[in-house]
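**Q** Pasting a structure here, questions to come.
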Amino acid sequence: MFTRLKSSTKSSNTDVIRYDYISRIEDAELEERSDYSFKEILIPLSETMFYFTEDEIKEADYDARPVIVLMRSCDIHAVKRLDQMYTGNGPANDWFYERLRDRVKFALIGCGKACPNSFCVDMGSNKTDEYVFSIDMADGKVYCDVRDDELMAAFESAGGTKEDVSPRYVTEAEFRVERPEEVPVELFKDPMWDEYTRRCVNCGRCNFVCPTCTCFTIQDIFYTDNGRVGERRRVNASCMVDGYTDVAGGLVMRKKNGERMRFKVLHKVYDFRKRFGYDMCVGCGRCDTVCPEYISFANCINKLNARVKEVTENV
Amino acid sequence: MCNCGKNEYTPVPSKLQDIIKHTAQEWTFRFTYVGDVKPGQFFQISIPKVGECPISVSGIGPDYVDLTLRAVGKVTDYLFENFKAGDSLFLRGPYGNGFDVHEFEGGELIIVVGGTAVSPVRGVVQYLCETESAKDVHMIAGFKDPGEIMFKADLKDWAEKIDLTLTVDGAPEGYEGKVGLVTKYIPDIPIRDISRCKAIVVGPPPMIRFSMIELVKRGLSEDNVWISDSRRMSCGIGKCGHCRINDKYVCIDGPVFKFSEHKTLID
């Protein structure tokens, strides 16, 4: 089981809630949102694709044991976005993603309260039916809605009481957002993005905590002790960080942080929808919480919406 | 174990048949390849322990593809320094949409290209040279200076079959060929029916921009213009995200785009 747990850091009061394997449910953190999402179980921060030994190319091994991931509704919605990118964009599927995805099942943690900075309700990700079982803790009891037949047998043998259970979900998130239906091309170069050129420090944390960010860069290395042996890896990439668009010869596409913010924001609440019919962002609020410059994604969506209205009404 | 099908990331061995040196910096590598491929598509050249780079197809033969590259990056530098004909390398691809050569057959066509951008259109020109509409193909090929002219044998051959204008941006005194930017020659192209004329414009972004200004002045419709674009890419198959512009991925929706669509894409 792969779930959120608290781990202490060297500095005081800076505990991180991140995902890891557990063997007892008591170790799981079921109340607070994880700082980093579940996504490293499907797209590891750094993943070896191939090993190279002299003339041989070998696909890297992986841990094929089945995994159940405990996650909130917003994150289960995020899995649909990851699936879309890796297995539903273009003619070829991502083999490395598929083999990790194949062994994973998702269990829902019911939401008793909205997370800080969340706007899941307006993004429609506050509720889901896509889980093998749900888990809600109340009055010292654990309530589970089991939807998977194989697991049902396990739950029955554990000797629980049968009751009608439906997982909790929030109907009011911390923030409300309104998304624009259409974003005119003029908005891409609008001065509204200049604010982010001033504020953003392009650290890329928003991308790395985002459960729907899927970008990666492929890198080759060779072992310094033996240049004939090496590997090809892919590592999570950030569209906010320098180097994302660099090509041989020196061309860089988006130099200003405001342009990068525009690229990211429009992908999350417009461009992805134009391509696939639904928005990429699930409103979990992690990017707001992690931003060292206190940039609010929810605010940005609302500002964008207001600006689109201004621009289209003045035509 | 997962039943995941083909791993598209796996590099496929390919023997290097030949290396054709155009200039010191630009060489064509002839890779063994048998299979479907169109002009304008691209391959990932894959060198284990060094990396991969996307390169457009500049020639197609019965058992090979030509990939023309300029030594400007990590992978290309390594290729130039370490390989000779007969060596084995790795490829994966072809990727991208490529040009549909039949689209340009049987009507008037303007082709404006600059430098290495001859690569993606070379297959289109070769195809059209053998059709009856060859004489209606008006091509302007621009290079930086006489020393940078590539595909010289092709240019000589094409000059006999199509209306070819070869120009260089600048040349030392005594150079006998045409001098000037490609845009200088657009107003003079003889076209009978501009409303039905098509165009292919491939080159550096500023060249495309200024060529389009001239072409639109002539009355050419933006719907009748195709361009080929390029971006940083890691995967080539619509996964890594680097080449996205708005809702399009250059690697799978392009690299060939209609200009009218491409102009709404903003990096």
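**Q** Failed condition for A:S125, given (1) outside any strand (DSSP E or B); (2) closer than 26 Å to A:D75 by Cβ; (3) more than 26 Å from the chain's Cα centre (by Cα), with all others met?
**A** (3)
**Q** Would you check which residues across the stretch B:54-78 are crowded, with 16+ Cβ neighbours inside 10 Å and away from chain A (no Cβ under 12 Å) and list them?
**A** Correct list: B:S56, B:V57, B:S58, B:G59, B:I60, B:Y64, B:V65, B:D66, B:L67, B:T68.
**Q** While we're looking at this one, here's another question. Any idea which residue in the stretch B:111-136 is surrounded by the most Cβ atoms within 10 Å (Cβ to Cβ), counting only those that are closer than 20 Å to B:D188 by Cα and within 15 Å of the chain's Cα centre (by Cα)? Full working, then the answer.
**A** Restricting attention to the stretch B:111-136, the residues satisfying the condition of being closer than 20 Å to B:D188 by Cα are B:111-114, B:133-136.
From what's left, within 15 Å of the chain's Cα centre (by Cα): B:111-114.
Working: B:I111: 24, B:V112: 31, B:V113: 25, B:G114: 23.
Taking the candidates together, the pick is B:V112.
**Q** How many of the residues in the stretch B:137-152 are more than 13 Å from B:S58 (Cβ to Cβ), under 17 Å from the mean Cα position of the chain (by Cα) and outside any strand (DSSP E or B)?
**A** Final tally of qualifying residues: 4.
**Q** A further question on this structure: Based on what the data block shows, is A:V311 more than 28 Å from A:A114 (Cα to Cα), among the hydrophobic types (A, V, I, L, M, F, W, C) and at pLDDT below 95? It would help to see each step written out before you state the result.
**A** Working: more than 28 Å from A:A114 (Cα to Cα): yes; among the hydrophobic types (A, V, I, L, M, F, W, C): yes; at pLDDT below 95: yes.
Yes: the conditions hold for A:V311.
**Q** Tally the residues that are in contact with an Asp or Glu (Cβ under 9 Å, 6 or more places away or on another chain) and touching a residue at least 24 places away in the same chain (Cβ under 8 Å), restricting the search to the stretch B:224-245. Lay out the reasoning, then the answer.
**A** Restricting attention to the stretch B:224-245, the residues satisfying the condition of being in contact with an Asp or Glu (Cβ under 9 Å, 6 or more places away or on another chain) are B:226, B:231-239, B:243-245.
Still in the list and also touching a residue at least 24 places away in the same chain (Cβ under 8 Å): B:226, B:233-237.
Residues that pass the stated criteria total 6.
**Q** Being within 14 Å of another protein chain (Cβ to nearest Cβ), buried (at least 18 other Cβ atoms within 10 Å of the Cβ) and over 18 Å from the mean Cα position of the chain (by Cα) is the filter here, so list the residues in the stretch B:22-53 that pass it.
**A** Across the stretch B:22-53, the qualifying residues are B:S46, B:I47, B:P48, B:V50, B:G51, B:E52.
**Q** Now a separate question. From the list A:D139, A:D94, which one is within 14 Å of another protein chain (Cβ to nearest Cβ), without any contact (Cβ under 8 Å) to a residue 24 or more places away in the chain and acidic (D, E)?
**A** Working: A:D139 fails: within 14 Å of another protein chain (Cβ to nearest Cβ).
Going through A:D139, A:D94 in turn, the sole match is A:D94.
**Q** Next up: Out of all the residues in the stretch A:38-81, which are within 14 Å of chain B (Cβ to nearest Cβ), assigned to a strand (DSSP E or B) and surrounded by 15 or more Cβ atoms within 10 Å (Cβ to Cβ)?
**A** A:E47, A:T48, A:M49, A:F50, A:Y51, A:F52, A:I57, A:E59, A:V67 - these are the residues of the stretch A:38-81 that are within 14 Å of chain B (Cβ to nearest Cβ), assigned to a strand (DSSP E or B) and surrounded by 15 or more Cβ atoms within 10 Å (Cβ to Cβ).
**Q** Consider A:D242 against the criteria (1) touching a residue at least 40 places away in the same chain (Cβ under 8 Å); (2) within 11 Å of chain B (Cβ to nearest Cβ); (3) outside any helix (DSSP H, G or I): it satisfies all of them except one. Which criterion is unmet?
**A** Failed condition: (2).
**Q** On to the next question. Please work out which one of (1) more than 22 Å from A:Q84 (Cβ to Cβ); (2) facing chain B (nearest Cβ under 8 Å) is the condition A:K274 fails and give its number.
**A** Unmet condition: (1).
**Q** So A:K274 ticks every box in (1) in contact (Cβ under 8 Å) with a residue 12 or more places away in the chain; (2) surrounded by fewer than 22 Cβ atoms within 10 Å (Cβ to Cβ); (3) part of a helix (DSSP H, G or I) but one. Which box is left unticked?
**A** (1)
**Q** Looking at B:F90, B:F104, which is the one that is closer than 30 Å to A:I57 by Cα and not basic (K, R)? Before the answer, list the steps.
**A** Values: B:F104 fails: closer than 30 Å to A:I57 by Cα.
Only one candidate passes the filter, namely B:F90.
**Q** When you go through A:D194, A:D288, A:D225 one by one, which is the residue that is closer than 30 Å to A:E56 by Cα and more than 12 Å from every other protein chain (Cβ to nearest Cβ)?
**A** A:D225
**Q** Just for strands (runs of 3 or more DSSP E) wholly inside the stretch B:178-261: which have at least 3 residues that are at pLDDT 95 or above and of a type in the set (A, V, I, L, M)? Working first, answer last.
**A** Numbers: elements: B:198-202, B:225-228, B:256-258.
In the stretch B:178-261, the matching strands (runs of 3 or more DSSP E) lie at B:198-202.
The values are calculated or read from the model by the stated rules, or taken from the named source; none is laboratory data. All figures in this text were calculated on a predicted structure; none of them were measured in a lab. No Cβ is skipped: glycine too gets one built from the backbone with ideal geometry, and neighbour counts run over all protein chains shown.
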